[in-house]
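Report on the structure given below.
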Amino acid sequence: MRLLGFVGIFFLALFNMLGMFISIQNGHWKGIVFMTLMAGMLVFFTRTLWRGRRLERIPRPYRETDDWFDRPLSRFFADQVAKSPEGRIFLAGSAVSLLLGFVSLAWPAIRHLSAARAGETAVLFIFWPIIAFLLYVQVCGPSFGSSTFKRIVMVAVMCAPAYFPYM
């Protein structure tokens, strides 16, 4: 499972380089800052996976208090994200964000974007599910209980990238 994480980080790094290239080429400072932050997140993810590999080799008894933070990510998605209202908001918003990213890249006129901003907008929409997942864990964790406030925050998080291209 950890190998899958490293492979995913590798492909995200390729997309990050593409986004950085497009931002530098167009001289768009927001895109450059965003891609630099994304590179920092990828470094953080890589260090976390590497530390997890080292910690996994140290034997220790299972504790019930570990809950979701000590289980595989696939189990977390299947048992928690897909079954909670906030998780369903995240999954639906991620699907819409990815769709809007590819639409912004393929047909920028549909979203009333100039050709220069289409690439930056597509990168934002394509990477937004990763940022939204981190915000999902921050907002809903550590108990991952459901509440109206958390639902409203997740709707706001998932709608946020729709406003950025027009700022």
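Each reported figure results from applying straightforward, stated rules to the coordinates on display, with no laboratory input. Keep in mind that what you see is a predicted model, and the values were worked out from it rather than measured. Note that we place each Cβ from the backbone using ideal geometry, even for glycine, and neighbour counts take in every protein chain shown.
List of remarks:
- Distant alpha-carbon pairs in the chain (separation over 24 angstrom), percent: 44 percent
- Fewest-first ranking of Ile126, Ile24, using other Cβ atoms within 10 Å as the exposure measure: Ile24, Ile126
- Angle between the chain longest axis and helix 85-106 axis [Cα atoms, degrees, rounded to 10]: 30 degrees
- Converting phi to 3J(HN,Hα) with the Karplus coefficients 6.51, -1.76 and 1.60 and the offset θ = phi - 60°, region 148-161 yields 5, 4, 5, 5, 5, 5, 5, 5, 5, 4, 6, 8, 4, x Hz in sequence order, with x at every glycine or proline.
- Using the average count of surrounding beta-carbon atoms within 10 Å as a protection proxy, the listed peptides 42-52, 84-94 rank, highest first, as 84-94, 42-52.
- Relative exposure of Thr121, Thr148, judged by other C-beta atoms within 10 Å (fewest first): Thr148, Thr121
- Segment Ile130..Ile152, full-extension length gain: 6.0 nm, with 0.36 nm per residue of separation and the alpha-carbon distance subtracted.
- Farthest toward positive dipole pole in region 1-59 [+1 Lys/Arg, -1 Asp/Glu at C-beta], among Phe15, Phe44, His28: Phe44
- This ranking places Met158, Met20 by how few other beta-carbon atoms lie within 10 Å of each, fewest first, which gives Met20, Met158.
- Computed FRET value (nearest 0.05) for Leu18 with Leu49, which takes r as the C-beta separation and R₀ as 25 Å: 0.65
- Computed from the C-alpha gyration tensor, the three semi-axes of the ellipsoid equivalent to region 1-59 are 30, 11, 5 Å, from longest to shortest.
- Relative to its Kirkwood radius, the Cα radius of gyration of region 76-167 gives an Rg/Rh of 1.04.
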